[in-house]
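To start, the structure under review is shown below, and the notes come after it.
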Amino acid sequence: MKNKSRIFNFKKLSCSQYADDLGLWSTATDVATAANNIREGIRQLEEWCRKWHVTLMPIKSKLILFTKCPRHKKEVEENGLVIELFGGVIPVVNEVEFLGVTFDSRLTYEPQTKKTVSRAYKRLNLLRTISSMSQKHNPEMLMTLYKSTIRSIFEYGAICTVTAADCHHEKLQLIQNQALRVILNTPTYVAINDLHDASGLTPMKKHLIEFGKKRLKSLVSTSPIMTKSIEDYHRVQHIL
């Protein structure tokens with residue numbers, strides 16, 4: 001049966017939701033058009049909330065402009081960027097976290113990388129401690145710990161963050177290099193390529209691309225919505 005009822009009629013917007021996290025975004029050649037599209041989407045959202053007696057807090061919402069164009073920034077400086085939700089102005093920010101991934105206004109993923117590196121180094125120190133306290137060196141156990149506690153952090157949101165600049169991927173690669181020296185118990189003069197050959201691991205950026213491909217295939221096979229999104233917007237062209 002076809003579903004004849006629709007909650008929203010977003011013709012110029014895209015929408016994503018996971019649990020109680022809702023994101024609306026619009027792509028346009030100028031800021032004013034994108035902002036008007038967002039306002040129309042929020043108007044429909046407010047109507048739905050009033051119907052079902054749901055309240056949204058403007059202060060808990062965030063508004064961010066993704067652009068690298070100086071003309072767009074000048075447009076915001078001259079005309080402002082004000083979008084309201086239930087009578088309150090949504091704060092404009094330069095960074096926003098959505099589902100655990102931090103997006104910056106230029107989509108460099110530098111803030112996300114800093115957060116990831118900080119978490120990973122803490123777990124790397126734990127890996128070093130476990131290795132030093134073990135009476136018998138166990139590379140298999142240490143490798144399992146690395147994959148489950150450190151590399152898994154890098155893999156989260158990889159479909160997005162794989163587009164980050166190489167300088168950010170190099171920071172993740174450095175952590176993997178240090179982890180491999182702990183796992184294989186090798187001195188510092190052993191070449192990085194030899195470490196990867198001995199461990200069977202691939203360089204981090206290559207691994208994240210392959211991981212992203214697997215995630216996309218899984219999403220396409222389990223969610224028709226994702227299939228249409230990939231076909232319509234080519235969000236993951238760089239991976240496919």
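The values are calculated or read from the model by the stated rules, or taken from the named source; none is laboratory data. Note that the structure is a prediction, hence the values are computed from the model and not measured. Backbone-built Cβ (ideal geometry, glycine too); neighbour counts: all protein chains shown. Only protein heavy atoms, including side chains, enter the accessible area calculation; ligands, DNA and RNA are left aside. Shrake-Rupley method; radii C 1.70, N 1.55, O 1.52, S 1.80 Å.
Which of the residues that make up region 83-92 are part of a loop (DSSP other than H, G, I, E, B) and either open to solvent by 80 Å² or more (accessible area, probe 1.4 Å) or touching a residue at least 40 places away in the same chain (Cβ under 8 Å) (or both)?
From region 83-92, those part of a loop (DSSP other than H, G, I, E, B) are 83, 86-87, 90-91; that's our starting set.
Passing the criteria: ILE83, PHE86.
Within region 127-144, does at least one residue satisfy the condition of being surrounded by 14 or more Cβ atoms within 10 Å (Cβ to Cβ), in contact (Cβ under 8 Å) with a residue 40 or more places away in the chain and closer than 24 Å to LYS115 by Cβ?
Yes, the conditions are met somewhere in region 127-144.
Restricting region 149-196 to residues that are in contact (Cβ under 8 Å) with a residue 60 or more places away in the chain and either acidic (Asp, Glu) or not in a helix (DSSP H, G or I) (or both), which is surrounded by the fewest Cβ atoms within 10 Å (Cβ to Cβ)? First the steps, then the outcome.
Quick first cut of region 149-196, residues in contact (Cβ under 8 Å) with a residue 60 or more places away in the chain only: 159, 161-163, 168.
Adding the requirement that they be either acidic (Asp, Glu) or not in a helix (DSSP H, G or I) (or both) leaves 162-163.
Values: VAL162: 20, THR163: 14.
Ranking the qualifying residues of region 149-196, first place goes to THR163.
Would you check which residues across region 20-51 are exposed (fewer than 12 other Cβ atoms within 10 Å of the Cβ) and within 22 Å of the chain's Cα centre (by Cα) and list them?
ASP20, ASP21
State all residues of region 39-68 that are in contact with a strand residue (DSSP E or B) (Cβ under 9 Å, 6 or more places away or on another chain) and part of a helix (DSSP H, G or I); if no residue qualifies, say none.
ARG39, GLY41, ILE42, LEU45, GLU46, PRO58, ILE59 - these are the residues of region 39-68 that are in contact with a strand residue (DSSP E or B) (Cβ under 9 Å, 6 or more places away or on another chain) and part of a helix (DSSP H, G or I).
In region 93-108, what residues are surrounded by 16 or more Cβ atoms within 10 Å (Cβ to Cβ) and part of a strand (DSSP E or B)? Steps first, please.
Within region 93-108, the first condition is being surrounded by 16 or more Cβ atoms within 10 Å (Cβ to Cβ), and the residues that meet it are 96, 98, 101-105, 108.
Listed by number, the residues that qualify are VAL96, PHE98, VAL101, THR102, PHE103, ASP104.
So which residues in region 20-38 are assigned to a helix (DSSP H, G or I) and either at pLDDT below 90 or more than 20 Å from PHE98 (Cβ to Cβ) (or both)?
First, pick out the residues of region 20-38 that are assigned to a helix (DSSP H, G or I): 31-38.
Scanning region 20-38 gives VAL31, ALA32, THR33, ASN36.
Are any of the residues in region 201-209 open to solvent by 40 Å² or more (accessible area, probe 1.4 Å), at pLDDT below 95, of a type outside the set (Lys, Arg) and within 19 Å of the chain's Cα centre (by Cα)?
Yes, region 201-209 contains a residue that is open to solvent by 40 Å² or more (accessible area, probe 1.4 Å), at pLDDT below 95, of a type outside the set (Lys, Arg) and within 19 Å of the chain's Cα centre (by Cα).
If you scan region 58-82, which residues turn out to be open to solvent by less than 100 Å² (accessible area, probe 1.4 Å) and of a type in the set (A, V, I, L, M, F, W, C)?
Listed by number, the residues that qualify are LEU63, ILE64, LEU65, PHE66, CYS69, VAL76, LEU81, VAL82.
Does region 7-19 hold any residues that are open to solvent by 50 Å² or more (accessible area, probe 1.4 Å) and either part of a helix (DSSP H, G or I) or farther than 17 Å from LEU99 by Cβ (or both), and which are they?
Matches in region 7-19: ILE7, ASN9, LYS11, LYS12.
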